[in-house]
Each structure stands twice: as structure tokens, then as C-alpha cells.
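Working notes, beginning with the structure itself.
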């Protein structure tokens, strides 16, 4: 990982390495905040490649696309129609493997409520799925979600569900492990 993101992280690289080593074997949600989208993706893949799900798929999309698919699946479930036969939906992503959902800061509060229900259901399934564990969920954001919570633009309950392992790439705050 060092050669891929060292120029973008500089001195913070050791802190990211520490978090990777400390939490890569768990399936805890990971929250990556920082302006550089490419670096967020590389760090998300690093959590995947070093973790328990490394031999399983790594899938990446942004939250808006994912929530659009989730809404469609909910509507399909209500009316019994499958509009996308043969299409692999992001809703099934992360059942095993790692799902990276970027740009969490771009979703509306109403979409956040749907996303919160999805995350809560995944957490419930982790306890019920003994033989086929639910994979890891990694969330990316270009903005500080703590600030967005204070300003009423991001649900604090969703932030708490996502913030199990936090990688903050901003220049002032330090990285920390929350488990």
C-alpha cells in the first residue's frame, strides 16, 4: 500500500497502517473521510485485501447509485416484478466480501433513513449468519460527517452505525480506532 498512497498521505501513512493491522481481521464497518476519492478507494481496498474477506469480491460504487438500486429492489419486492432479471444488484453486494460505498456526504436525509435501515439489517444478519457471514461495509466521504451531523445534514444515528473504524484523512484531526 505504501507506494500507492504515500504521496497523498505523507506522515499519516503510519497511522493508516496501524488501523489496517489492528482492524483488518474484523468485519466492523469502516468510515473513510477525506477529500481525495482515489485515496479513499485505495484504503478501502487495503482493508479488503488484508481482511477476512480478501478472497471474496470487492465491489465499489457511490451511495446514490446503491440507494437507487435499493429503492428499486424494495419496489420490486412490493409488486412482485423483477425489472432487472439477470442484473446483479448492489443490494446483494457485501453479503460476502467487501462493499465500498463512497460519497456518503452526498445523500439526502430521506435517503440516509433508508440507508440506516439497510445498515441496521446488515448488523442483525451478522449475528444470524453463522455459516455465510455478512461481509464488510466500507463507507467513504469527501466531507467531515461529524460536522454534517452538527449542522443537521447527516443523521447522527447513521454516523454512529458507520463509525466503527474511522480513517480521517483531513489535515487536522488524527486517525483513531473506534471498536
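The values are calculated or read from the model by the stated rules, or taken from the named source; none is laboratory data. These numbers were taken from a predicted model, which means no experiment stands behind them. Note: ideal-geometry Cβ built from the backbone for every residue, glycine included; neighbour counts use all protein chains shown.
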Out of 27, 13, 70, sole residue that is surrounded by 15 or more Cβ atoms within 10 Å (Cβ to Cβ), at pLDDT 80 or above and either out of contact with any strand residue (DSSP E or B) (no Cβ under 8 Å at 6 or more places or on another chain) or under 27 Å from residue 117 (Cα atoms) (or both) | 27
Yes/no for residue 40 being in a helix (DSSP H, G or I), under 20 Å from residue 164 (Cβ atoms), out of contact with any helix residue (DSSP H, G or I) (no Cβ under 6 Å at 6 or more places or on another chain) and modelled with pLDDT of 85 or more | yes
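Taking the range 32-48, which residues are farther than 20 Å from residue 125 by Cα, buried (at least 20 other Cβ atoms within 10 Å of the Cβ) and touching a strand residue (DSSP E or B) at 6+ places or on another chain (Cβ under 8 Å)?
As a first pass, look at the range 32-48 and keep what is farther than 20 Å from residue 125 by Cα: 32-47.
From the residues that got through so far, the ones that are buried (at least 20 other Cβ atoms within 10 Å of the Cβ) too are 32-34, 39-40, 43-44, 46-47.
32, 33, 34, 40, 43, 44, 47 - these are the residues of the range 32-48 that are farther than 20 Å from residue 125 by Cα, buried (at least 20 other Cβ atoms within 10 Å of the Cβ) and touching a strand residue (DSSP E or B) at 6+ places or on another chain (Cβ under 8 Å).
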Considering every residue within the range 89-99, establish whether at least one is at pLDDT 80 or above, outside any strand (DSSP E or B) and under 23 Å from residue 158 (Cβ atoms).
-> yes
